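Note sheet for the following structure.
The values are calculated or read from the model by the stated rules, or taken from the named source; none is laboratory data. The structure displayed is predicted, hence computed values, not measured ones. Methodologically, a virtual Cβ is constructed for each residue, glycine included, from the backbone with ideal geometry; neighbour enumeration extends over all protein chains shown.
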Amino acid sequence: MAILVKPIQRVNPSDLEQPKKWYVTQVTATQVDESQIALDMADGTTLDPSEAMMALRQLRKVLLRRLLSGESVKMGNWGSFSITLTSSGVDSKEKVNASLIKSVNLNFQADKTFKEELQKATFAWVDKLAGLRGDIEYVITTGRDGSTGTENDTATRGGDYIVKGTGIQLVDKDEEHKASIQLINSSEYPEVITETSTNTPELVIFTIPNELTEGTYKLVIETYYTPNGILDEPVMITAPFDLTLV
């Protein structure tokens with residue numbers, strides 16, 4: 001894994017007359033939600049994703065409760081969480097009261113070990129990566145229930161589901177690194193699907209497993225596809241809608 005970076009030209013804010021200089025800046029690849037974090041946790045432990053999700057949500061509750069009790073919280077060698085306040089000022093001590101507090105802020109101070117681990121980062125230039133990917137956008141645009149024709153809403157168990165987008169073709173890296181379709185429900189282990197009836201960069205058709213329980217699922221495609229070869233790291237493409245299985 002690598003942090004994506006790109007060159008950017010900036011002025012010196014303290015001396016606008018100086019020539020612009022070039023710097024390296026980070027590019028955020030994507031925002032990962034708690035469902036994916038739970039999957040990652042489960043992959044390296046004996047937890048299943050629903051247990052990992054429960055642990056994450058419980059951690060949030062406990063952390064918030066401790067912070068709102070005026071405590072700081074040290075999480076092993078991660079670092080420490082604490083609260084800071086932003087307030088207005090007044091001209092005498094007698095006028096100070098809680099109404100001056102404008103916001104309660106979260107502060108995180110990384111542990112020394114955590115900071116040292118960050119320094120081990122590797123980097124990949126966005127322009128070179130874009131050349132490998134062929135400047136395509138990896139995106140799911142629509143999903144359609146093959147049984148009812150409904151778009152971006154319901155999916156019928158046992159029936160076909162039709163996904164359209166760009167860069168969505170399932171392509172494996174090797175025998176150990178497989179592309180897949182994932183149906184993720186926070187209450188149970190995610191369903192991983194590798195078989196499709198149609199599999200192209202713009203169209204993927206697969207069958208919704210009949211044994212899945214009814215409920216709301218996230219649709220994610222994990223693939224190593226690129227027009228110019230195979231990616232070293234997979235692309236995770238999350239549908240901009242949830243599926244309600246019926």
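One table, with the values for the structure above:
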quantity	calculated
Any strands (runs of 3 or more DSSP E) falling wholly within segment 66-170 and containing at least 2 residues that are without any contact (Cβ under 8 Å) to a residue 60 or more places away in the chain	73-75, 79-87, 101-110, 139-145, 160-166
Residues of segment 2-47 that turn out to be more than 14 Å from the chain's Cα centre (by Cα), assigned to a loop (DSSP other than H, G, I, E, B) and touching a residue at least 60 places away in the same chain (Cβ under 8 Å), as a count	1
Unmet criterion (only one of (1) at pLDDT below 90; (2) farther than 20 Å from D145 by Cβ; (3) buried (at least 16 other Cβ atoms within 10 Å of the Cβ); (4) of a type in the set (A, V, I, L, M, F, W, C)) for A179	(1)
Residue check, I181 farther than 25 Å from A38 by Cα and outside any loop (DSSP other than H, G, I, E, B)	no
Matching entry among M54, M75 (being surrounded by 13 or more Cβ atoms within 10 Å (Cβ to Cβ) and in contact with a strand residue (DSSP E or B) (Cβ under 9 Å, 6 or more places away or on another chain))	M75
Single condition M236 does not satisfy, out of (1) of a type outside the set (D, E, K, R); (2) crowded, with 17+ Cβ neighbours inside 10 Å; (3) more than 15 Å from K164 (Cβ to Cβ)	(2)
Enumeration of residues in segment 185-225 that are within 18 Å of E51 (Cα to Cα), aromatic (F, W, Y) and surrounded by 17 or more Cβ atoms within 10 Å (Cβ to Cβ)	Y217
